[in-house]
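**Q** Shown below is the structure under consideration.
Bear in mind that the values in this text are calculations on the coordinates, not laboratory data. Since we're looking at a predicted model, the values are computed, not measured. Every residue, glycine among them, receives a Cβ derived from its backbone with ideal geometry; neighbour counts consider all protein chains shown.
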Amino acid sequence: MSLAQVLFYVMGFIVVASALFVASTKNLVRSIFMFFITLFSLAGLYVLALADFVAITQVVIYVGGILVLILFAFMLSGKETLNVLQQQKSKFISIKKLPAIVLAVLFFIVMVNVIGKINADNLGWIKQVIGAKAEIKPNDEMINNIGINLMTWYLLPFEAISVLLLTALIGAAHLTRKEGKA
């Protein structure tokens with residue numbers, strides 16, 4: 001077993017374990033910080049898959065943007081709202097959650113069947129890419145081309161996304177502010 005495989009399994013375990021913790025915990029603070037670990041571990045998996053731009057995007061947009069937005073919403077929300085959320089008693093498995101559990105089990109069965117039946121080494125499109133020698137090498141300079149395109153051809157959508165994130169931050173702050181006596 002190579003070092004890359006060991007790192008993949010370790011990162012994969014961290015992603016799955018921390019995501020399960022995020023979904024199952026009642027403590028919002030721990031959930032937010034475990035979500036932080038989930039997103040960083042996912043970026044590590046992207047690095048192992050030689051998708052360095054996607055890994056950087058994961059860190060910049062999700063960890064740097066969305067997670068900070070979640071932290072602001074958490075910090076600006078009232079203590080009463082947080083207490084009500086944490087005091088709700090709900091079982092992990094209940095009759096209200098039965099459709100979601102059935103759907104999750106069905107998706108898991110489909111995923112296991114697909115993974116079990118696929119032979120990734122003998123897929124036609126992979127053989128064509130290898131035959132055409134169009135594989136991505138780790139030393140290709142893709143980030144330079146992506147950066148140039150992002151700051152020239154795609155500058156307007158890039159700025160529109162930043163305005164959208166800023167609007168979401170202002171909206172979260174407005175929704176969670178306390179009403180003053182006027």
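**Q** How far apart, in nanometres, would the label points at residue 9 and residue 134 be if each is projected 7 angstrom from Cα along the Cα-to-Cβ direction?
**A** 3.4
**Q** Now a separate question. Using Cα pairs under 8 angstrom and six or more residues apart, how large is the relative contact order of the stretch 3-77, in percent?
**A** Details: 59 pairs, mean separation 20.5, N = 75.
Relative CO of the stretch 3-77 lands at 27 percent.
**Q** Same structure, new question: What FRET efficiency do you get for residue 110 and residue 158 if R0 is 41 Å and r is their Cβ-Cβ distance, rounded to the nearest 0.05?
**A** On the way: r = 36 Å, r/R0 = 0.88.
The pair residue 110/residue 158 has a calculated efficiency of 0.70.
**Q** What FRET efficiency do you get for residue 68 and residue 47 if R0 is 25 Å and r is their Cβ-Cβ distance, rounded to the nearest 0.05?
**A** Efficiency, rounded to the nearest 0.05: 0.70.
**Q** OK, next. On full extension of the chain, what length is gained from residue 98 through residue 149, given 0.36 nm per residue of separation minus the C-alpha to C-alpha distance?
**A** Working: separation 51, 0.36 × 51 = 18.36 nm, distance 4.71 nm.
Going from the current span to full extension adds 13.7 nm.
**Q** For a Förster distance of 25 Å, can you work out the FRET efficiency between the beta-carbons of residue 17 and residue 168, rounded to the nearest 0.05? Write down the numbers at each step before the final one.
**A** Details: r = 29 Å, r/R0 = 1.16.
Efficiency for this residue pair is about 0.30.
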